[in-house]
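The values are calculated or read from the model by the stated rules, or taken from the named source; none is laboratory data. Bear in mind that the values here come from a model prediction, so they are computed numbers and not experimental data. Reconstructed Cβ throughout: ideal geometry from the backbone, glycine too, with neighbour counts over all protein chains shown.
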Amino acid sequence: MILKELKSPNHQFTWVDITGPTVEDLSEVSNRYHLHHHHLHDCLEPDHLPKFEEGEDYQFIILRKMLDGVERGITVHALTTKIAIFYNDSMVVSIHRLPQDEIYSVCEQAIRAGKIATVGQLLLRIIARVQQSYDVYATQLNNNIDDTEAKLFIRKTEAQSIESLYLLKRRASLCKKLLLLSGEVILSVSHRQKKSNELQDIRDTQAKLQLFYDQLSDDAQNLVSTYMSFSAHKTNDVMKILTIFSAYFLPLTFIVGVYGMNFRFMPELDWEWGYPAVLVLMLVVFLAIYIWFRRKKWL
C-alpha cells in the first residue's frame, strides 16, 4: 500500500491518497479514519459501477477512469479503473488499485498554489480529470470506428472487420453506460456544491460526453447493421451466379443424359450428322437462355 497525505495551506482540509491497498490495509484505514466497512467492501470490488452514497460521517462516491490505450478487453475491469472517494468538509480519502500519478500531481500543484482551497474544489478537480480520460478515449474510439469502416468497405478485410465491429460496439455501449451512471454521481455531488464555473464546466462536459458516446454507440451499431446487409448482398450475388450457371447447364445436362443412355434403337446414333446436330442444339439452347436473361436484365 502507498499512502500519501497532503494538507491544504490554509489547513482547511486533509487529503489522503491510497494506492493498491490489501484487505488488511483497508481494515487499518477504516479504523484510522472511521470509514464504514460496507463502503470499504465496495472498494474491493474491481467491477463496481459509479455510484454516490451519503453516510453519517462521510459522503462516498465511486468513479471509473478510462485506462490508456484502446487495444484492451470489453469488460468494465479491463477498460477502466475504479477510484473510491470518501469526503466531508475537512477530509478526503481516495482509494484506488492502480497509481493515479497524473491526478495526484495536478491536484497537489493546485493545492500548494492555493487554487484548491476547499474539499469541494478538490473533488471537482478529480472528477474533471476522470472526465478528460473519457474525452481522450472517445477520440481514439472514433478513429477506430473510421479505420474499421475503411477496412470493411474499401480494403474489404471481412474476417478482421467482424471481430473489430463487435469490440467497438461493446466498448462504445459500455462507456455509454458508465457515463450515464457517472452523470448521476455528478448530479448528486452538484446538489451539495455551491454554484461555480468549475461545476458548470463539469456538467457541460458531462452532457457533451454523453452526446458523443451516444453518437459513437449509434455509429458502431449502424456499422454492424451495414456490414450484415453488405454480407447478405454478397451472398445474394454468389447465389445469383450459381443459379445462372445452373440455368445454363441444366438443359445441356439433360440433353447429354438422354444421348448417354445408349439404347439400341436411337436413330440419331446411326445418323451421320447426329453429333453435330446435338452440338448445334446445345448451342441454340445456350444462346436462348442468354438472350432471355439479357431481356430480364439478370445479366
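Tell me which of these L123 doesn't satisfy, since it passes every other one: (1) within 18 Å of the chain's Cα centre (by Cα); (2) in contact (Cβ under 8 Å) with a residue 24 or more places away in the chain.
(1)
Take the conditions assigned to a loop (DSSP other than H, G, I, E, B), in contact with a His (Cβ under 8 Å, 6 or more places away or on another chain) and closer than 16 Å to V16 by Cβ and apply them to D89. Does it pass?
For D89, the condition - assigned to a loop (DSSP other than H, G, I, E, B), in contact with a His (Cβ under 8 Å, 6 or more places away or on another chain) and closer than 16 Å to V16 by Cβ - is not met.
Y166 versus (1) among the hydroxyl-bearing types (S, T, Y); (2) closer than 21 Å to G73 by Cβ; (3) modelled with pLDDT of 90 or more: which is the lone unmet condition?
It is condition (3) that Y166 fails.
Would you mind stating whether Y33 is in the same structural domain as I145 (by TED's automatic domain parsing) and crowded, with 17+ Cβ neighbours inside 10 Å?
Values: in the same structural domain as I145 (by TED's automatic domain parsing): yes; crowded, with 17+ Cβ neighbours inside 10 Å: no.
No.
Scan segment 81-107 for residues that are under 18 Å from H11 (Cβ atoms) and crowded, with 19+ Cβ neighbours inside 10 Å and jot them down. First the steps, then the outcome.
Of segment 81-107, the ones under 18 Å from H11 (Cβ atoms) are 87-93, 107.
Residues satisfying the conditions are Y87, V92, V93, C107.
Name the residue that is farthest from G120 (Cα to Cα), counting only residues in segment 199-225 that are in contact (Cβ under 8 Å) with a residue 24 or more places away in the chain and among the acidic types (D, E).
D219
Can you tell me which residues in segment 41-60 are without any contact (Cβ under 8 Å) to a residue 40 or more places away in the chain and of a type in the set (A, V, I, L, M)?
Result: L44, single match.
Examine segment 226-241 for a residue that is aromatic (F, W, Y) and closer than 30 Å to L141 by Cα, and state whether such a residue exists.
The first filter runs over segment 226-241 and keeps only residues aromatic (F, W, Y), leaving 227, 230.
With closer than 30 Å to L141 by Cα added as a condition, the list becomes 227, 230.
There is at least one residue in segment 226-241 that is aromatic (F, W, Y) and closer than 30 Å to L141 by Cα.
Between Q100, Q109, which is assigned by TED's automatic domain parsing to the domain that holds F60 and without any contact (Cβ under 8 Å) to a residue 12 or more places away in the chain?
When all the criteria are applied, what remains is Q109.
So, E53, is that one assigned by TED's automatic domain parsing to the domain that holds Q121, closer than 21 Å to A128 by Cα, surrounded by 12 or more Cβ atoms within 10 Å (Cβ to Cβ) and among the acidic types (D, E) or not? Spell out the reasoning first.
Numbers: assigned by TED's automatic domain parsing to the domain that holds Q121: yes; closer than 21 Å to A128 by Cα: yes; surrounded by 12 or more Cβ atoms within 10 Å (Cβ to Cβ): yes; among the acidic types (D, E): yes.
Yes: the conditions hold for E53.
Quick check on this structure: which one of A110, A78 is loosely packed, with under 15 Cβ neighbours inside 10 Å, among the aliphatic types (A, V, I, L, M), out of contact with any strand residue (DSSP E or B) (no Cβ under 6 Å at 6 or more places or on another chain) and assigned to a helix (DSSP H, G or I)? Break it down into steps so the answer makes sense when it comes.
Numbers: A110 fails: loosely packed, with under 15 Cβ neighbours inside 10 Å.
Selected residue: A78, the only one of A110, A78 that is loosely packed, with under 15 Cβ neighbours inside 10 Å, among the aliphatic types (A, V, I, L, M), out of contact with any strand residue (DSSP E or B) (no Cβ under 6 Å at 6 or more places or on another chain) and assigned to a helix (DSSP H, G or I).
Could we say that W292 is in contact (Cβ under 8 Å) with a residue 40 or more places away in the chain, surrounded by fewer than 14 Cβ atoms within 10 Å (Cβ to Cβ) and either of a type in the set (A, V, I, L, M, F, W, C) or closer than 30 Å to S164 by Cα (or both) here? Quick ask: steps written out before the conclusion?
Values: in contact (Cβ under 8 Å) with a residue 40 or more places away in the chain: no; surrounded by fewer than 14 Cβ atoms within 10 Å (Cβ to Cβ): yes; either of a type in the set (A, V, I, L, M, F, W, C) or closer than 30 Å to S164 by Cα (or both): yes.
So W292 does not fit the description; no.
Could you grab the pairs with beta carbons closer than 6 Å, sequence gap of 6+ or different chains, first residue in segment 168-196 and in the same structural domain as H48 (by TED's automatic domain parsing), second one among the hydroxyl-bearing types (S, T, Y)?
Pairs that qualify, where the first residue is in the same structural domain as H48 (by TED's automatic domain parsing) and the partner is among the hydroxyl-bearing types (S, T, Y), are A172/S217; S173/S217; C175/Y213; K176/Y213; K176/S217; L179/Y213.
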